Amino acid sequence: MAKRLNCAVIGYGGMGSWHVEAIKNFKFLKLSGIYDIDSKRTALAESKGIHVYPSLKALLADPTLDFVIIATPNHVHKKITLAALAAGKHVVCEKPVAMNVRELREMIAAAKKAKRLFTVHKNRRWDRDFQTACKVINSNTLGPAFMIESRVHGSRGIPGDWRNQKRYGGGMILDWGVHLLDQVLMMTLPRKITAVYVQLTPVTNENCDDGFRVNLTFNDGLRAYVEVGTSNFIELPRWYLCGENGTAIVRNWACEGEIVKVSDWENRDAVPIQAGAGLTKTMAPRTDDTIRRYPLPKVTCEWGDFYKNVAAYILHGKPALVTHEQLVRLMTLVETIFTSAKTNSVIKCKI
Ligand code: NAD
């Protein structure tokens, strides 16, 4: 790619500054500058030699700018996206793309009208732990899968900024939730979700969800359990995957873990063990002659493929990896989860 694309970052906070650093890794991208409403953040950018636009209007009026990266709190994603598209800029928006499906549809319609890229930074599709879990499930290594468990656990509560205020799009469903739910939607294609049930697990915050546990049922009977906790001082494994012939565990982002598969179904002579105050044969551990242990499969994933795809779309009209259809599906699931939380009921659906 000979041409360099000029981009600007709107919202120079944690994630905005992360994008500014990341852009330096791509020869085909050039940072034109940033804009932030907070003078402390713009002063910091200036101290690093980054050009600061005096206003959003000035940024969007820059004719040399090809695309913008929106990394503001969630409640202004729509407003800034619409302004950027109207100014003829391509848009990469941070997750969650919008507060609800209605907002998202408005953004998609504006992108279609402007004939510009409108996509979302779904960086966690390139997480190695996710790609590993995907490979285990979709290679049929475990036989027919019946349960996918995906969790992230922290112990610091929900951050005390806009993230714990509903009106700014706070809460863990819209934060870590959209990452984990997007991953589960991608790894279970082409199945449809037929039932959703969530329990919120508020501990540190009453304003919005600081943790949740959601159960998803798919049309072929597969189930997924997705959990985000912010008051968990001992974390459970990142992925726990069950198939009819075996189990896989991916313990952490570093992909420690293993696969254990049955090697001899016929050998049913379990010896009862003493378990607590009783005996059990059902729960007796397997002996090595009926199981085999395997390492997790190796995967390679390059997060940079996201920005390569953004450039390929803008320069050569290649299809976007993160599509509008995927975004609407995810946001529909998020809305269904909120409905389940509000009504404390299982929501039947086709998502
Ligand atoms: P942050 O609070 O650290 O930064 C937000 C910045 O936006 C602040 O500097 C704030 O002053 C600025 N801002 C607020 N309103 C603005 C406006 N109208 N115009 C311009 N600037 C404005 O938050 P963050 O952690 O950087 O999160 C920003 C976005 O990035 C959120 O949507 C969040 O969900 C997302 N995020 C994504 C990931 C990921 O892995 N993809 C990780 C963290 C955050």
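Kindly provide the set of residues from region 105-130 that are charged (D, E, K, R) and either within 16 Å of the ligand (Cβ to nearest atom) or more than 25 Å from I80 (Cα to Cα) (or both), ordered by number. Reasoning before the result, please.
Taking region 105-130 and keeping what is charged (D, E, K, R), we get 105-106, 112-113, 115-116, 122, 124-125, 127-129.
Within region 105-130, K122, R124, R125, D127, R128, D129 meet the criteria.
Report every pair of residues separated by at least 6 positions or lying on different chains whose Cβ atoms are under 7 Å apart, first residue within region 166-184 and surrounded by fewer than 24 Cβ atoms within 10 Å (Cβ to Cβ), second among the polar types (S, T, N, Q) and modelled with pLDDT under 95.
Note: pairs meeting the criteria are K166/N207.
Any chance you could count how many residues in region 245-304 are modelled with pLDDT of 95 or more and within 14 Å of T132 (Cα to Cα)?
Here the count works out to 19.
Tally up the residues in region 63-79 that are near the ligand (Cβ under 7 Å from one of its atoms), surrounded by 21 or more Cβ atoms within 10 Å (Cβ to Cβ) and among the hydrophobic types (A, V, I, L, M, F, W, C), please. Lay out the reasoning, then the answer.
In the first step, residues of region 63-79 are kept if they are near the ligand (Cβ under 7 Å from one of its atoms); the result is 71-74, 76-77.
From what is left, the residues that are surrounded by 21 or more Cβ atoms within 10 Å (Cβ to Cβ) are 71-72, 74, 77.
Then keep just the ones that are among the hydrophobic types (A, V, I, L, M, F, W, C); that gives 71.
Summing the residues that are near the ligand (Cβ under 7 Å from one of its atoms), surrounded by 21 or more Cβ atoms within 10 Å (Cβ to Cβ) and among the hydrophobic types (A, V, I, L, M, F, W, C) in region 63-79 gives 1.
Within region 9-33, take every residue that is more than 9 Å from the ligand (Cβ to nearest atom) and among the β-branched types (V, I, T) and give me the one that is surrounded by the fewest Cβ atoms within 10 Å (Cβ to Cβ).
Filtering region 9-33 for residues that are more than 9 Å from the ligand (Cβ to nearest atom) and among the β-branched types (V, I, T), the one surrounded by the fewest Cβ atoms within 10 Å (Cβ to Cβ) comes out as I23.
Which residues, taken from region 218-244, are surrounded by fewer than 17 Cβ atoms within 10 Å (Cβ to Cβ), more than 16 Å from T188 (Cβ to Cβ) and touching a strand residue (DSSP E or B) at 6+ places or on another chain (Cβ under 6 Å)?
Result: E235, L236.
From the list V136, V178, pick out the single residue that is in the same structural domain as G211 (by TED's automatic domain parsing) and under 29 Å from E206 (Cα atoms).
Numbers: V136 fails: under 29 Å from E206 (Cα atoms).
None of the other options fit; the residue is V178.
Go through region 271-300 and give me each residue that's loosely packed, with under 11 Cβ neighbours inside 10 Å, among the small types (G, A, S) and assigned to a strand (DSSP E or B).
G278
Is it the case that region 242-253 has a residue that's in contact with a helix residue (DSSP H, G or I) (Cβ under 7 Å, 6 or more places away or on another chain), of a type in the set (D, E) and part of a loop (DSSP other than H, G, I, E, B)?
no
Tally up the residues in region 120-141 that are of a type in the set (V, I, T), in contact with a Cys (Cβ under 8 Å, 6 or more places away or on another chain) and within 11 Å of M187 (Cβ to Cβ), please. Explain how you work it out, then say what you get.
Taking region 120-141 as the starting set, the residues that turn out to be of a type in the set (V, I, T) are 120, 132, 136-137, 141.
If we keep only those that are in contact with a Cys (Cβ under 8 Å, 6 or more places away or on another chain) too, we end up with 120, 132.
In the following step, the residues that additionally are within 11 Å of M187 (Cβ to Cβ) were identified as 132.
The total comes to 1.
The values are calculated or read from the model by the stated rules, or taken from the named source; none is laboratory data. Just so it is clear, the model here is predicted, and its values are computed rather than measured. We place every Cβ from the backbone using ideal geometry, glycine too, and count neighbours over all the protein chains shown.
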